[in-house]
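First up is the structure itself, then whatever we jot down about it.
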Amino acid sequence: MAWVIRQFSKTRIDRAGETLVSQGAATEARNEALLIVNNWRSCHAFPLNTFQNGLHQIAKTVDEHSLVAQRIKRLSSIEGKLRRFPTMTLSQMQDLGGCRVIVNDARSVLRLADLYRRSRMKHKLHTVDNYIENPQPSGYRGVHFIYRYFSDRNKTYNGQKIEVQLRSAFQHSWATAVETVGTFTRHALKSSIGPDEWLRFFALMGSAIAVKEGTNRVKGTPEDTKELIAELRQVAAELDVINRLETYGAALTQFNSSITKDAHYFLIQLEPEAQRTLITGFKAQDLQLANERYLAIERGIDPNSSTDAVLVSVENVTFLQRAYPNYFLDTTTFVNLLRDALKHERIRRQRTS
């Protein structure tokens, strides 16, 4: 299999990142920048594949039903991150290549994190962020590792950074619900950018799920569970959250797929306005074609639409919706968690009345 190799210097990569976010960039300069950016993110596929294989082995010892997926960062996400962090250079962005592991519960996440950190590997651990012990203000929870890839046999990709995300099923449902709502409101809620009422709702819901999992709450949310659920009920009612999320899911009426036999990579394209999700599968040896198609689709996306696309890899096509439910507007698990939290509050009031 022919893996993508970096073709440009770090200096040119950083300049391409600057062009990507420049308001006055000429069309020709932007087109050249897109090719450079696409090459740089695409050459993370080889180290990603290495990490994914290792994660499979360890995750199965913790949870036999664990799910491991990988993705190459979207252009829109790259551009958004460069805008939010003006001093960041593209060559140093840590999550262009990302692996995600979803296990049953928070305890399994922490166990997996401990096993993975102590596993024998030559890759250099760069940073660890435990967002279960210290949840982000947004309500996000999980454990993140950043590694620098290292191989003494194939030095081509040495030094490239790969992000590893570990989440429980409930933590994953929260994160994908944020992305689903962000798709329709056209706000980067996952980056804490958007209407205050939605940001507050997801912070409160992050704490509600933390209570259910027996882990630390989000700072700035009520410490008393009754107060937490009471405020959650009020904000959820004002936003009509359950009805809106169920409406989003019902809006997806078409599911079109073109999956080749033995597909390894999957290009998912969500078109909310057209009420459809499109999936194209690519064999492992067709990675270059997949990357080219990925860039072509992203370049054709109307910035005023809610259309989104991502290139991912999972063990089996049947795992796609479980790994990336936001691309199918599926918030079923999250809605059930919200209903359960509100029901819990009613039961407490009945018992104390």
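Residue by residue, here is whether (1) surrounded by fewer than 20 Cβ atoms within 10 Å (Cβ to Cβ); (2) over 19 Å from the mean Cα position of the chain (by Cα); (3) at pLDDT 95 or above holds:
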site: Arg6; (1), (2), (3): yes, yes, yes
site: Val21; (1), (2), (3): yes, yes, no
site: Ser42; (1), (2), (3): no, no, yes
site: Gln52; (1), (2), (3): no, no, no
site: Gln70; (1), (2), (3): no, no, yes
site: Ser76; (1), (2), (3): yes, no, no
site: Val101; (1), (2), (3): no, no, yes
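Flag not set for His126, criterion: crowded, with 19+ Cβ neighbours inside 10 Å and within 28 Å of Glu298 (Cβ to Cβ). Counting only strands (runs of 3 or more DSSP E) that sit completely within segment 251-293, those holding 1 or more residues that are without any contact (Cβ under 8 Å) to a residue 24 or more places away in the chain and surrounded by 15 or more Cβ atoms within 10 Å (Cβ to Cβ) correspond to 276-282. Tell me, please, whether a residue that is touching a Lys or Arg at 6+ places or on another chain (Cβ under 6 Å), more than 20 Å from Tyr294 (Cα to Cα) and either touching a residue at least 12 places away in the same chain (Cβ under 8 Å) or not basic (Lys, Arg) (or both) can be found in segment 47-63. Scanning segment 47-63 turns up at least one residue that is touching a Lys or Arg at 6+ places or on another chain (Cβ under 6 Å), more than 20 Å from Tyr294 (Cα to Cα) and either touching a residue at least 12 places away in the same chain (Cβ under 8 Å) or not basic (Lys, Arg) (or both). Within segment 150-175, residues that are under 13 Å from Phe46 (Cβ atoms) reach partners that are of a type outside the set (A, V, I, L, M, F, W, C) and assigned to a helix (DSSP H, G or I) with beta carbons closer than 8 Å, at six or more positions or on different chains, in the pairs Ser151/Thr50; Ser151/Tyr157; Tyr157/Pro47; Gln160/Pro47; Ile162/Pro47.
Within segment 103-132, residues that are farther than 18 Å from Glu64 by Cα and in contact (Cβ under 8 Å) with a residue 40 or more places away in the chain reach partners that are assigned to a loop (DSSP other than H, G, I, E, B) and among the polar types (S, T, N, Q) with beta carbons closer than 8 Å, at six or more positions or on different chains, in the pairs Ile132/Thr215; Ile132/Asn216.
Only a single criterion out of (1) of a type in the set (A, V, I, L, M); (2) within 26 Å of Leu329 (Cα to Cα); (3) without any contact (Cβ under 8 Å) to a residue 40 or more places away in the chain is not satisfied by Leu228, namely (2). Per the listing Glu238, Glu246, Glu292, the residue uniquely among the charged types (D, E, K, R) and touching an Asp or Glu at 6+ places or on another chain (Cβ under 9 Å) is Glu238. Pull up segment 176-210, narrow it to residues that are in contact (Cβ under 8 Å) with a residue 40 or more places away in the chain and of a type in the set (S, T, N, Q), then point me to the one that is farthest from Gly98 (Cα to Cα). The residue in question is Ser207.
The values are calculated or read from the model by the stated rules, or taken from the named source; none is laboratory data. None of these values were measured; they are calculated from a predicted model. Neighbour counts run over all protein chains shown; Cβ positions are idealised from the backbone, glycine included.
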